[in-house]
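Here the structure is laid out as structure tokens; the discussion comes afterwards.
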Amino acid sequence: MTKKLYLETVGCQMNVLDSELVVGSLRRQGYELTQETTDADVILFNTCSVRQHAEDKIYSALGRLRHHKVKHSGTIIGVLGCMAQKDQEQIRRRAPHVDIICGTGQLAQLPALIQSVQRTGALQIALSLDRTQSRHEVERSFESYDPMRDPSMRPNRFQAYVRIMIGCDKFCTYCIVPSVRGPEQSRHPEQIAAEVQQLACEGCKEITLLGQTVNSYHYDLGAGRTARLSDLLARIHDTPGIERIKFITNYPKDMTDDLLEALRDLPRVCPYLHVPAQSGCNEVLKRMKRMYTAEFYRDMLARCRERVPGVAISSDFIVGFSGEKDVSFERTCDLVREARFKNSFIFKYSPRPGTKGHELYADDVPEEVKKRRNNDLLAIQNAASLQDHRRFIGTRVEILVEGPSKNAWKQESTGPVQLTGRTRTDHIAVFDGNPRLAGQTMQIDIEDATSFTLYGRVVTSEQVGVEETDCCDESVRPNQRIELPLVG
Ligand code: 5AD
Ligand code: SF4
């Protein structure tokens, strides 16, 4: 009899990838996914600690399962990922019915941990060392989890994430990632190239390289040679079958010219950069320990646009960080007005115990002020995104069709439905078409736009004479994305 697995994922693309790999490995043990906790033999939560809200969600879900576990004592409940790494004591106290606490660096052990619970009934804990130990030991305790991929585990076969590094050494004062994901470690370029090759053989057309600070990638090849992200992009660029290569998330200080030149010169590398600014105020940036000024960030933007004509750039901002005054927030508004970001993700500061920010500074911006600043900044970004989107009206763009849009279920089941896809600059476009077009690269004519979406029509083979653009343009755009970005 097949065993049933329920898995809920919170957080960034790194977690989405980890969950895909976990499901793949448990499928090989005979588990099938279920959408309901009620009929699951194993219930797993892959967690996020970047903001308090993400943690609260998991504790509520665990609370709802307390009764279920009393009635079904054989059901195994596991907490995986960042919260597990950070808060084993708290999880044991607040949710004593949890059977497994497994950190990001131990996911490969999960099948064995489940078997141990089945055998012994005892709580199983597998975590990495904390960062007070020697670097080498800590590094070894955070193992990158990159097993054989199972294409059926992805939402679609033609897009995939590929991890190129784990961890982070930047220690921005608000951020918990360096503690929960460990020291920065890059994977060997040949190992990455082999994974890309395998994905391509399985029909993957678009890969997104993942790293918390992806442009800090560097692998020491020995004999004084280092592979940087630009070298890695060149190495995987000609993999047959791969049409698009993206990478997220970039750290502003590490946006080197060799990388921008790779972006300009390698046609399959998409002209899209996610480079979080976090704030436009130098004092706040200093307290955040971002290691750059607003002037440096502006220069970096100018350099990106000069070197990579048509590049689309998106950003992240935190509002209400400790000590952020009205004038500091105004500097952030100025930056968003000027920067012409394609879109920005905006977050209210959430103090994280275990970070320098929490230790050193008071959370002194009231919640209603954080909310107001969040809304104000979003309004500025949305206006800029709309302006950017409207430039596409009347142009022809190339999109990779991802599948039916969220609205498609409302339509008749026969005939065309609303499909969604992305341009090479990561703009989202919707249009009517046959769901079987999913996975195809095609041309559409853009007829309308909002701050979030381009609306288009499929170009039929008879249609000629419309001016072709590759939809790169130099401006800002909307605020939509399925997952939250990685930190960076
Ligand atoms: N509070 C609010 N937002 C945060 N981020 C990271 N840490 C925090 C925090 N403590 C945001 C940053 C990052 C994004 C993924 O999450 O903007 O780029
Ligand atoms: Fe590292 Fe990004 Fe977190 Fe800074 S915000 S510590 S760069 S993961």
Whole Å is fine, so just give me how far the alpha carbon centre of the range 146-193 lies from that of the range 196-258. 12 Å
What does the charge count near residue 27 come to, summing +1 for each Lys or Arg and -1 for each Asp or Glu among other residues with Cβ under 13 Å from its Cβ? +2
Taking a label point 7 Å from the Cα of residue 237 along the Cα→Cβ vector, which residues of the range 292-306 have an amide N closer than 19 Å to it? 304-306
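Determine, for 56, 231, 258, 87, the number of other Cβ atoms within 10 Å of each Cβ, and report the residues in order from fewest to most. Mind dumping the intermediate values first?
Working: 56 10, 231 19, 258 13, 87 22.
Ascending Cβ contact count within 10 Å gives the list 56, 258, 231, 87.
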Need one number: convex hull volume per residue for the range 139-179, Cα atoms only, in Å³. 117 Å³
The range 360-413 versus the range 85-112: alpha-carbon centroid distance in Å: 35 Å
In this model, which of 289/356; 286/325; 57/86; 86/356; 3/86; 170/348 are farther than 18 Å apart at the alpha-carbon? 3/86; 170/348
13 Å beta-carbon shell around residue 447, net charge (K/R +1, D/E -1): 0
Two-site label geometry, residue 152 and residue 97: point separation in nm, points 7 Å out along Cα→Cβ: 3.2 nm
Where both partners of a DSSP beta bridge lie in the range 93-213, what percent of those bridges are antiparallel, to the nearest 5? 20 percent
Counting alpha carbon pairs within less than 8 Å and at least 6 residues apart, what relative contact order, in whole percent, applies to the range 165-242? 32 percent
Net length gained if the chain between residue 291 and residue 122 were fully extended (0.36 nm per residue, minus Cα distance): 56.3 nm
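So what is the 222 nm mean residue ellipticity for the chain from helices alone, if each DSSP H run of at least 4 adds -39500 (n - 2.57) and you divide by all residues, rounding to the nearest 500 deg cm²/dmol? Intermediate values should be presented prior to the final figure.
Details: 16 runs with 164 residues, N = 488.
Value at 222 nm, helices only: -10000 deg cm²/dmol.
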Compute the length gained on full extension between residue 441 and residue 257: take 0.36 nm times their separation in residues and subtract their Cα-Cα distance, giving the result in nm to one decimal. 63.3 nm
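Let me know the charge dipole size of the chain about its Cα centre in debye, to the nearest 20, where only the beta-carbon of Lys, Arg (+1) and Asp, Glu (-1) is charged. Write down the numbers at each step before the final one.
Values: 65 positive and 65 negative charges, 248 e Å.
That gives the chain a dipole magnitude of about 1200 debye.
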What list do you get for 371, 246 if you sort them by fewest beta carbons within 10 Å? 371, 246
Extent of the range 152-287 along each principal axis, from alpha carbon coordinates, in Å, largest to smallest? 49, 40, 28
Counting pairwise Cα distances across the chain, what percent come out greater than 27 angstrom? 58 percent
Which whole-number percentage describes the relative contact order of the range 13-103, with Cα contacts under 8 Å and a sequence gap of 6 or more? 28 percent
Would you work out the relative contact order for the chain, in percent, from Cα pairs under 8 angstrom that are 6 or more residues apart? 12 percent
Binned at 5 Å from 0, what are the whole-percent values of the Cα-Cα distance distribution for the range 282-390, short to long? 2, 11, 21, 22, 20, 12, 7, 3, 1, 0
Ranking of 423, 213, 226 by count of other Cβ atoms within 10 Å, fewest first: 226, 213, 423
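Readers should treat all values here as calculations from the given coordinates under stated rules, not as data from a laboratory. Note that the structure is predicted; figures quoted are calculated from it, not measured. So basically every Cβ, Gly included, is an ideal-geometry build from the backbone, and we count neighbours across all protein chains shown.
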